[in-house]
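The values are calculated or read from the model by the stated rules, or taken from the named source; none is laboratory data. Quick caveat, the model's predicted, so the values are computed rather than measured. Cβ sites come from the backbone with ideal geometry, for glycine too, and all protein chains shown count toward neighbours. We work out accessible area using only protein heavy atoms, side chains counted, and drop any ligands, DNA or RNA first. Shrake-Rupley method; radii C 1.70, N 1.55, O 1.52, S 1.80 Å.
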Amino acid sequence: MALTLIIGNKRYSSWSLRAWLILKLNDLPFTEERVALFQQGYKERLVQLSAGAQVPVLVDADNEQQLCIFDSLSIAEYLAESFNLRCGWPADKKQRAYARSLCALMHAGFTALRQQCPMDVGRIPQPVDFSEQTLEEVQRINQILSRCLLHSGGPFLFGTPGIVDAYYAPVIIRLDRYALLHQVSPELRAYSAHILALPAMQDWVEAGQQETERIVRISH
Ligand SMILES: N[C@@H](CCC(=O)N[C@@H](CS)C(=O)NCC(=O)O)C(=O)O
């Protein structure tokens, strides 16, 4: 099994970060390939790679065939099925179901926050004129994640690190970069500090800050 993860700009691509972090948290060997989004020819490259024509894409190649898995959630599930992940889904069936629900919620929801506060790891932390809907979503995230942390006792959402933490990592970057951390519980603030201090997260943020492309508006 030889894995290649195609990602977008580390500065902006939140869905790429999720898949990348799952691989990193689990120490899985993989090759990384970056496609700079919204630059000339990028879409043609993504169309060639997968039916989704977006990043991330996980390419699993062996001698006989090459499989391209697109969509961060499908990548997470493929990795969880292929490897005995140390940082995967919770072992307990009920907790696992809840962790999957939280990932599905992130995958399909929180659109106001995602649109108004695109991930930008190079942004100097400052607020914008948040809409009511964005602030409501922040409070919903605060309640959901704080409850998880109180229930598990931390330091990760379900105690030990897992896919669900990777899924919410870009939200933590947004809370930080849009100066929203003072609006969340002490538990979520401590969790955020813990996530931002992970060596893999620091590597991603540092690399993103070094990228030279600037995208004015990206919503994901
Ligand atoms: N639901 C997808 C979303 C992927 C997505 O929106 N990717 C963005 C970058 S973070 C992208 O490829 N944008 C470029 C484009 O759509 O052309 C997933 O979970 O992987």
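All of V35, V59 fail the test of being within 13 Å of the ligand (Cβ to nearest atom) and surrounded by 14 or more Cβ atoms within 10 Å (Cβ to Cβ), apart from V35. Consider the range 24-46 and keep the residues that are among the aliphatic types (A, V, I, L, M) and not in a loop (DSSP other than H, G, I, E, B). The one that is farthest from the chain's Cα centre (by Cα) is L46.
Only one residue in L23, L28 is open to solvent by 10 Å² or more (accessible area, probe 1.4 Å), among the aliphatic types (A, V, I, L, M) and touching a Leu at 6+ places or on another chain (Cβ under 9 Å), so which one is that? Steps first, answer last, please.
On the way: L23 fails: open to solvent by 10 Å² or more (accessible area, probe 1.4 Å).
The match here is L28.
Against the test of being within 13 Å of the chain's Cα centre (by Cα), aliphatic (A, V, I, L, M), assigned to a helix (DSSP H, G or I) and within 11 Å of the ligand (Cβ to nearest atom), the options L21, L17 yield a single qualifying residue, L17. Please determine whether any residue of the range 45-55 is polar (S, T, N, Q), farther than 23 Å from V171 by Cα and without any contact (Cβ under 8 Å) to a residue 12 or more places away in the chain. Among the residues of the range 45-55, at least one is polar (S, T, N, Q), farther than 23 Å from V171 by Cα and without any contact (Cβ under 8 Å) to a residue 12 or more places away in the chain, which makes the answer yes.
Every test in (1) open to solvent by 50 Å² or more (accessible area, probe 1.4 Å); (2) within 10 Å of the ligand (Cβ to nearest atom); (3) of a type in the set (F, W, Y) is passed by Y78 save one, and that test is (2).
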